[in-house]
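What follows is a set of notes on a single structure, which appears directly below.
Every number here is computed from the coordinates shown, using simple stated rules; none is lab data. Remember, it's a predicted structure, so these values are computed and weren't measured experimentally. All Cβ positions, even for glycine, are placed from backbone atoms using ideal geometry, and neighbour counts span all protein chains on display.
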Amino acid sequence: MPPYFWLALLLLAVAFLLRVDFIFYILYVLVGVFLWSRWFTPRAMRNLTAARTYRRRAFLGETVEVTLTLTNKSRLGLPWLQFHESVPPELRLEEPPQRVVSLGGRQTRQHTYQVKGLQRGYYRLGPLRLTGGDLFGLAKSRLGYLPPDYLTVYPRIVPLSQLGLPSRLPFGTIGSHQRLFEDPARPMGARDFRSGDSLRQINWKATAHTQKLLVRTFEPAISLETMILLDLHAADYERRDRLYWTEWAIVAAASLATHLVNQRQAVGLMSNGVDPLRLQEDARQFDEVTGRLTFDAGAGSQNLRAYMPTPIAPRAGRPHLMKILEQLARLDARQTIPLHEWAASAGVHLSWGVTIVALTGQGDEPRCNALHRLARAGFNPILVAVEPDANFGRVRERARRLGFRAYNLSSRAELERWEEATARPAGVAL
């Protein structure tokens, strides 16, 4: 029994023995306060609503403002209400989102805090736990709950020049002898007007000079799409620095995709890594140290290929880029399927002539042979090795003989200098 129950019995006994009206009055007040507290607290908590508003996507290093809104829809006030928001430790906080407030009838309170993504990933914000009760503590404290929401932090994005790649790789539109269409940006000359020619193509200056109706001609071109093949097969990277170089490959993929979209080119993404979001909801686990969604090896150990991400077909435009960056934010490296076995199936649903950029650890012979088969199938493969290789000249020569180009991203020292120079991330407008 609670202490105030015995106190009420004691006051009742004293009142009957002494027959003092004042003690009866105190007893009535205590019983009334007790009954009121037991009645209004659960009703006030049932009419309490909570909401969380924020931007659900952010670039690396960007600050996101989260607003918690507590609304009391009842006429009954809450003397005290404690709320506590769980936030991943990897998201830097200026102050802990934990407060004790009072909330009157029909009143709304807001609390704002900020988080900052320091590492790419898919993070959980919340849950928000609410505890409320009466002023005297006579009623049992009631609990409320707001389910968690999720925040995606994009990978780092850097210019191609800082990646160590030339800014004019053979992406997108290239010249061709097959007249699939003419590129207006490539004027070539003039010819006589023919039936069916558009009036917009007429070269009026040349027509006035020659007294003959002439139209402009342009160089023929083929508009090629680009597919990024991101190799996240763990065994394809050196074990000692595997985490470092797989992260660097993801940075390179995000930067290439951003560069192509900025050039108004169509780009897609395929990877042989794993996407933790493909796990069943009850099997998803968030790392206790970072708060980031990670792939549970035990949950998907039977068939890792089933958890490979869904390919993103080449498209142009900023919304499509955001879709690619979201997937890159979640990917992890695992023992799925090697690049030289996976590359052939990756090109099955691609159109002829698509540029395939294979981002991988090393340019060994099996991987070069796999890209050679893609070249023979009518694609335009490009090998980009992200791990340093002192003998990469041999790889480049082998690739040249097999009909494609090969590039090696910078050495470790250059990468460290790049990281120091790019402490503030380069992003694109949402």
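Inter-label distance, His349 to Gln335: 2.8 nm, where each label sits 7 Å from its Cα along the C-beta direction. Taken over the Cα atoms of the range 312-356, the convex hull encloses 90 Å³ per residue. Can you give the net charge of the other residues whose Cβ lies under 13 Å from the Cβ of Pro366, counting K and R as +1 and D and E as -1? For residues surrounding Pro366, the net value is -2.
Model label points for Arg405 and Asp197, set 7 angstrom from Cα along the Cα-to-Cβ axis, are 3.5 nm apart. Ordered by the number of other Cβ atoms lying within 10 Å of each residue's own Cβ, fewest first, Met270, Met188 fall into the sequence Met188, Met270.
Annotation for the range 236-318: trypsin sites (Lys or Arg not before Pro) lying in DSSP loop with at most 10 further Cβ atoms inside 10 Å of their Cβ are Arg239, Arg240, Arg264.
Footprinting exposure proxy ranking of Tyr244, Tyr145, Tyr123, Tyr54, fewest other C-beta atoms within 10 angstrom first, gives Tyr145, Tyr244, Tyr54, Tyr123.
What percent do you get for the relative contact order of the range 46-153 when only Cα pairs under 8 Å and 6+ apart count?
Working: 263 pairs, mean separation 33.5, N = 108.
For the range 46-153, the relative contact order is 31 percent.
Please give, to one decimal in nm, the separation of the simple spin-label points placed at Ala51 and Val289, each 7 Å out from Cα toward the Cβ. Calculated label separation equals 3.9 nm. One Cα centroid belongs to the range 69-95, the other to the range 298-352; the line between them spans 39 Å.
In terms of other Cβ atoms within 10 Å, Ser351, Ser198 run from fewest to most in the order Ser198, Ser351. Each principal axis of the Cα cloud of the range 41-129 was evaluated for its coordinate range; sorted largest first, these ranges are 44, 18, 16 Å.
Full extension of the chain between Lys323 and His84 gives 82.8 nm of extra length, using 0.36 nm per residue less the Cα-Cα distance.
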